[in-house]
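For reference, the structure discussed in these notes is given below.
The values are calculated or read from the model by the stated rules, or taken from the named source; none is laboratory data. Here the structure is a predicted model, which is why all the values come from computation and not from measurement. Note that we place each Cβ from the backbone using ideal geometry, even for glycine, and neighbour counts take in every protein chain shown. Surface accessibility is based on the protein's heavy atoms, side chains included, excluding ligands, DNA and RNA. Shrake-Rupley method; radii C 1.70, N 1.55, O 1.52, S 1.80 Å.
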Amino acid sequence: MDIKNELIRKTLHLSSLWMIVAIYFLDQNMAIILFSAMLILLFIVEYIRMTNDYMGKIILKYCGNIIRAHERADKFNIMALSGSFYFVLAILLSVIFLPKNIAMISIAVMIFSDTMAALVGKQIGKIKIIGKTLEGSIAFFITTLLILYFAISINIYQILLISFLVTLVELISNKIKIDDNLSITASTGSLLLIFT
């Protein structure tokens, strides 16, 4: 995916910041209902995209430039569900299993750090590591570090360790076949639970 299409995809990523605001203002049950409804709707759209030729072509016509190669399928395939589906799934699981403040921080890391990693990696990344770029991983690490530094009261050594470990998780997500929206939020949330 070229930088223009990556910019479009990551702009959509950033537009999801309203979800963090919703989590802040809604109680847990209402947040679960909201994101469950979104997930069900996304699953229906994904199912139609992969099983109905006519609708699949229409969706590809208008959204094809932001759909990654592994997300394209001509029959239903759980591995071809789009990043949007896993994005909302990650948010729903965070709301269910994490305290509100940790869920919001984990989602912020997923949104901002992943966006910075992709944009820096695509734009100036030169040094390849595990299918990604060192520059992108450094951008991910720095962004995560800054989010944690300003968002939670733990010591700087814990912040550095969490940022480093979550960066490693993001780096290997493709290799272990886990969508990074899930792996980033799960690892950030789990580590924050351990250290707070």
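In table form, for the structure just shown:
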{"item": "Residue in region 170-196 that is surrounded by the most Cβ atoms within 10 Å (Cβ to Cβ), counting only those that are under 22 Å from Pro99 (Cβ atoms) and of a type in the set (A, V, I, L, M, F, W, C)", "result": "Ile184"}
{"item": "Neighbours by Cβ (under 6 Å, 6+ apart or cross-chain): first from region 127-155, over 17 Å from Ile184 (Cα atoms); second open to solvent by 80 Å² or more (accessible area, probe 1.4 Å) and in a helix (DSSP H, G or I)", "result": "Glu135/Ile124"}
{"item": "Entirely in region 1-112, the helices (runs of 4 or more DSSP H) that have 1 or more residues that are modelled with pLDDT of 95 or more", "result": "17-25, 28-51, 83-97, 100-108"}
{"item": "Residue tally, condition within 18 Å of Ile111 (Cβ to Cβ) and open to solvent by less than 30 Å² (accessible area, probe 1.4 Å), over region 148-169", "result": "6"}
{"item": "Tabulated pairs, region 25-43, first in contact (Cβ under 8 Å) with a residue 24 or more places away in the chain, second open to solvent by 80 Å² or more (accessible area, probe 1.4 Å), C-beta under 8 angstrom, 6+ apart or interchain", "result": "Gln28/Lys100"}
{"item": "Verdict on Phe43 being open to solvent by less than 90 Å² (accessible area, probe 1.4 Å) and among the aromatic types (Phe, Trp, Tyr)", "result": "yes"}
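Per-residue answers, yes or no, for (1) hydrophobic (A, V, I, L, M, F, W, C); (2) under 25 Å from Ser82 (Cα atoms); (3) open to solvent by 60 Å² or more (accessible area, probe 1.4 Å):
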{"site": "Lys122", "(1), (2), (3)": "no, yes, yes"}
{"site": "Ile129", "(1), (2), (3)": "yes, yes, no"}
{"site": "Lys132", "(1), (2), (3)": "no, yes, no"}
{"site": "Ile138", "(1), (2), (3)": "yes, no, yes"}
